[in-house]
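Reading through the structure tokens given below for one structure.
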Amino acid sequence: MRINTNDLTLKRNYLQTYRLLIKDYELVKEGLHPKFRLAKEFYEAHHTDRRSFLKYYNRYKQSGNQEDLLPARRGPKYRTRRPSLTDEALVLEMRSRGNNKFEIAQELKQKSNNFKPSP
């Protein structure tokens with residue numbers, strides 16, 4: 001069985017499709033497209049949602065980088081949300097002393113400027 005972890009077919013297809021759509025869209029906006037007169041006709045013919053197309057189009061136009069035509073990574077960014085190790089150690093110490101989550105949150109809000117956890 002073929003290992004396809006390095007297969008860039010989806011990426012290539014996204015880029016090829018959006019390049020074609022952007023070329024057609026700009027012709028429609030200039031009024032030079034032979035088939036479409038309005039952008040609404042363009043969206044209906046290509047079966048695309050106006051909002052999602054414009055999101056990628058504007059992102060691409062601002063940066064000029066073709067990588068912005070690809071879907072961006074979604075989901076939580078764990079590295080930015082994690083508290084520092086000293087704050088975690090402080091919380092664990094308070095838990096070992098028998099404090100509940102509300103007492104811990106209240107005490108940390110009073111002590112720290114940058115780490116204010118919710119209960």
Which percent of the accessible area of the chain is formed by carbon and sulfur heavy atoms (probe 1.4 angstrom)? 50
Heavy-atom accessible area per residue, the range 48-107, 1.4 Å probe: how many Å²? 81
Return the distance in nm (one decimal) between the two label points of a simple spin-label model at R19 and R82, each offset 7 Å from Cα along Cα→Cβ. 3.9
Could you tell me the extents of the range 1-109's C-alpha atoms along the three principal axes, largest first, rounded to whole Å? 75, 43, 24
Summing +1 for each Lys or Arg and -1 for each Asp or Glu, what net charge is found among the other residues whose Cβ lies under 12 Å from the Cβ of L69? +4
Once E103, E88 are ranked on solvent-accessible area with the largest value leading and a 1.4 Å probe, the list reads E103, E88
Trypsin sites (Lys or Arg not before Pro) within the range 24-93: DSSP coil, no more than 15 neighbouring Cβ in 10 Å: K35, R37, R73, R74, K77
Which FRET efficiency value, to the nearest 0.05, do you get for Q62 and K40 by plugging their Cβ-Cβ distance into 1/(1 + (r/R0)^6) with R0 = 22 Å? 0.40
Divide by every residue of the chain the summed helix terms, -39500 (n - 2.57) for each DSSP H run of at least 4, and state the resulting mean residue ellipticity at 222 nm, rounded to the nearest 500 deg cm²/dmol. -18500 deg cm²/dmol
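The values are calculated or read from the model by the stated rules, or taken from the named source; none is laboratory data. Everything numeric here is computed off the predicted structure, so don't read it as measured data. Don't worry about glycine lacking a Cβ; one is built from the backbone with ideal geometry, like all the others, and counts go over all protein chains shown. With ligands, DNA and RNA removed, areas are computed over all heavy atoms of the protein, side chains included. Shrake-Rupley method; radii C 1.70, N 1.55, O 1.52, S 1.80 Å.
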